[in-house]
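Enquirer: What follows is a single structure, and I will ask about it in a moment.
The values are calculated or read from the model by the stated rules, or taken from the named source; none is laboratory data. Every value quoted in this text rests on a predicted model; they were computed, and no experiment measured them. Please note: Cβ atoms are built from the backbone with ideal geometry, for glycine as well, and neighbour counts cover all protein chains shown.
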Amino acid sequence: MEVILLIASTVDGKIARNSSQFVNWTGKADKKYFVEQTKKAGVMIMGSKTYDTIGKPLPGRLNIVMTRDKSRQSDQDNLVFTDLSPALILEDLALRGYTSAALVGGATVNALFARDNLITQVHLTLVPKLFGSGLSIFAPPLELDLNLSFESSQDIEEGHLLLIYRVINP
Ligand SMILES: NC(=O)c1ccc[n+]([C@@H]2O[C@H](COP(=O)([O-])OP(=O)(O)OC[C@H]3O[C@@H](n4cnc5c(N)ncnc54)[C@H](OP(=O)(O)O)[C@@H]3O)[C@@H](O)[C@H]2O)c1
């Protein structure tokens, strides 16, 4: 199963100023890439805080939201709330015929997948901004030692660099 970490980061490595900030600080091209990639995978996996910043399931793909809050119940076909582990989520998706999934944040959920070494690709848009403080790509504490193999880079819009890497299996 390909797990594509799809992330927009400031040049100082921040993905949000705080847990409730909606990602509205990237350009049009990054948003378009996000839609393309999540639709191509057919499924996007996110944490409940990220889901709350979006506020609704995005159409045309399965939205999997990680939460431990049992009171969260889906009333829509393309929305699933789950407290399964990352590995079990992926196992279940594989059984349902998915071959790739987009991991779309936030920092907490990214760290859960990284800790279990489940991320196979990183698609990172480097946005020409500095936040100074805020959330990093992975919530601490997390110690990683993963090597990436560079695939491509592209200026998708006014200094927004889309960097694509493959995670080299240790
Ligand atoms: N720049 C980007 O590309 C990008 C991408 C995505 C998100 N973001 C930003 O990141 C911020 C949110 O990140 P975040 O780290 O605060 O939160 P998050 O990762 O989106 O969600 C954290 C939540 O996940 C649930 N969770 C944690 N561990 C779990 C487990 N083991 N099993 C099941 N559920 C678990 C908990 O929800 P419950 O409390 O409901 O149990 C926890 O509060 C937002 O500002 C968002 O806009 C940025």
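Enquirer: Residues to consider are GLY97, GLY60, GLY132; find the one that is in a loop (DSSP other than H, G, I, E, B) and either closer than 27 Å to PHE150 by Cα or within 8 Å of the ligand (Cβ to nearest atom) (or both).
Expert: GLY132
Enquirer: OK, next. Among the numbered criteria (1) free of Cβ contacts under 8 Å to residues at least 24 places away in the same chain; (2) in a strand (DSSP E or B); (3) within 10 Å of the ligand (Cβ to nearest atom), which one does ASP69 miss?
Expert: (2)
Enquirer: Now for a different question. Can you tell me which of (1) more than 19 Å from ASP12 (Cβ to Cβ); (2) surrounded by 14 or more Cβ atoms within 10 Å (Cβ to Cβ) is the one LEU161 doesn't meet?
Expert: So LEU161 meets the others, but not (1).
Enquirer: Counting only residues that are in contact with a Ser or Thr (Cβ under 9 Å, 6 or more places away or on another chain) and free of Cβ contacts under 8 Å to residues at least 60 places away in the same chain, which one in the range 143-167 is nearest to ALA114 (Cα to Cα)?
Expert: Taking the candidates together, the pick is VAL167.
Enquirer: Would you call LEU118 in a strand (DSSP E or B), more than 17 Å from THR38 (Cβ to Cβ) and at pLDDT 95 or above?
Expert: Taking the combined requirement at face value, the residue does not satisfy it.
Enquirer: Do you know which residues across the range 3-47 are near the ligand (Cβ under 8 Å from one of its atoms), within 29 Å of ASN169 (Cα to Cα) and touching a helix residue (DSSP H, G or I) at 6+ places or on another chain (Cβ under 9 Å)?
Expert: Listed by number, the residues that qualify are LEU6, ILE7, ALA8, ILE15, ALA16, MET46, GLY47.
Enquirer: Tally the residues that are crowded, with 22+ Cβ neighbours inside 10 Å and within 12 Å of the ligand (Cβ to nearest atom), restricting the search to the range 100-112.
Expert: So the answer is 8.
Enquirer: Within the range 84-93, identify whether any single residue is surrounded by 16 or more Cβ atoms within 10 Å (Cβ to Cβ) and within 21 Å of SER20 (Cα to Cα), and answer yes or no.
Expert: No, because not a single residue in the range 84-93 is surrounded by 16 or more Cβ atoms within 10 Å (Cβ to Cβ) and within 21 Å of SER20 (Cα to Cα).
Enquirer: What's the total number of residues in the range 47-78 that are surrounded by 14 or more Cβ atoms within 10 Å (Cβ to Cβ) and not hydroxyl-bearing (Ser, Thr, Tyr)?
Expert: Qualifying residue count, the range 47-78: 14.
Enquirer: Please name all residue pairs, on different chains or six or more residues apart, with Cβ atoms under 8 Å, provided the first residue is in the range 11-25 and is in a loop (DSSP other than H, G, I, E, B) and the second residue is more than 6 Å from the ligand (Cβ to nearest atom) and aromatic (Phe, Trp, Tyr).
Expert: ASP12/PHE131; ARG17/PHE131
Enquirer: Would you point out the residue of the range 135-154, among those that are under 28 Å from SER20 (Cα atoms) and part of a strand (DSSP E or B), that is farthest from the ligand (Cβ to nearest atom)?
Expert: Only one residue fits best here, namely SER136.
Enquirer: In this structure, does THR38 turn out to be among the hydroxyl-bearing types (Ser, Thr, Tyr), under 11 Å from the mean Cα position of the chain (by Cα) and over 19 Å from GLN21 (Cβ atoms)?
Expert: Yes.
Enquirer: Against the conditions (1) more than 13 Å from the ligand (Cβ to nearest atom); (2) surrounded by 12 or more Cβ atoms within 10 Å (Cβ to Cβ); (3) in a strand (DSSP E or B), where does PHE81 fall short? Just the number, please.
Expert: (1)
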